[in-house]
Amino acid sequence: MKIAIIEDQENEKERLESYIEDFCSQLSLPVTIDSYKDGINIVENYHSQYDVLYFDVEMSIMDGITAAKKIREIDSQVLIVFVTNHSQVAIQGYSVEAIDFLLKPLTFFSFSEHFKKIVKKLSNSKKESIFIKKGNKTIKLLQQEIRYIENEGHRIYIHTNKETFEINSSMKYIESTLKDYFFRSNNCYIVNLNYVERVEGNTVYIGETPLQISRPRKKEFMQSLTEFIGEELL
């Protein structure tokens, strides 16, 4: 677990850091904690490297709300928590999908109740995610956001709701990491059954994108799609 604390008050930073370390030690959870004294310090070199961000709200150069908004533009998955003296910040926090709000001064009991939710959320998220390399960055992708995966030559293209990622891997390996709502329609495509719009002959439409279903796989594909749709099939 990788956590960042963005806090300009040293005593508050140390208190939160010690709570995190104590809780993780009790559960034998490995954790790395980085700290930043201002929102601008984390925004400048941010590349989706953290699981959780703890933001103070009031900081001298860039406040926590502004920094969180900038980070949300490039990372939709990181868990954001605000630690503040003001309960009113919760209203602003909804705009960046903050998962929680903690009031200062923190107590270990209130932090523990909060952190149990964080651990559970991350555990569930990792089961539904894959990690890919993009240049010198490691990016976490939610499986449910992957529309289909394409093999072209020696390159793999992961098509998501937002963009397409090109990676070095094999279809066989990727297929082994995916949830059961993915199906390999032929040698070139793995499709997410959540995004199937229609099937016409040996063509499956992911949105308006036509992808081929190989003849040997057609029967199994239709069976998997029928089981996935279940009671929704009329």
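Applying a DSSP loop filter and a limit of 11 other Cβ atoms within 10 Å to the GluC sites (Glu not before Pro) in the range 4-88 leaves E73. Normalised by the number of residues in the range 106-234, the mean separation of alpha-carbon contacts (under 8 Å, six or more apart) gives a relative contact order of 15 percent. Taken about its Cα centre, the range 33-144 carries a charge dipole of about 540 debye when Lys and Arg each add +1 at the Cβ and Asp and Glu each add -1 at the Cβ. Dividing the radius of gyration of the alpha carbons in the chain by their Kirkwood radius gives 1.07 for Rg/Rh.
In the chain, Cα pairs under 8 Å separated by at least six residues give a relative contact order of 11 percent. Measuring between alpha carbons in the structure, the pairs from K120/K172; K13/K162; K70/K117; K121/K218; K134/K218 lying more than 28 angstrom apart are K120/K172; K13/K162; K121/K218; K134/K218.
When the chain is treated as a GNM, springs tying every alpha-carbon pair under 10 Å, which of I190, I132, I61 comes out with the largest mean-square fluctuation? Answer for the Gaussian network model of the chain: I61. Note on the chain: with a GNM built from Cα contacts shorter than 10 Å, the maximum mean-square fluctuation among E113, E166, E128 falls on E113.
Rounded to the nearest 500, what is the 222 nm mean residue ellipticity of the chain from helices alone, with -39500 (n - 2.57) per DSSP H run of 4+ residues and division by all residues? Display every interim value, and only then the final one.
Values: 7 runs with 79 residues, N = 234.
Here the helix-only value at 222 nm equals -10500 deg cm²/dmol.
The range 181-234 and the range 1-67 have Cα centres spaced 43 Å apart. Label-to-label distance for F108 and K179 is 3.7 nm, based on points extended 7 Å past Cα in the beta-carbon direction. The C-alpha atoms of the chain define a longest principal axis, and helix 108-127 lies at about 20 degrees to it. Can you tell me which of T84, T160, T32 moves the most in a GNM of the chain? Springs connect C-alpha atoms under 10 Å apart. Between T84, T160, T32, it is T32 that shows the largest mean-square fluctuation. A 1.4 Å probe run over the range 80-205, with the rest of the protein chains in place, finds 56 Å² accessible per residue.
The values are calculated or read from the model by the stated rules, or taken from the named source; none is laboratory data. Keep in mind the model is a prediction, meaning the values are calculated, not measured. Cβ atoms come from the backbone with ideal geometry, glycine included; neighbour counts cover every protein chain shown. When the accessible area is computed, the model is the full protein with side chains, heavy atoms only, and any ligands, DNA or RNA have been set aside. Shrake-Rupley method; radii C 1.70, N 1.55, O 1.52, S 1.80 Å.
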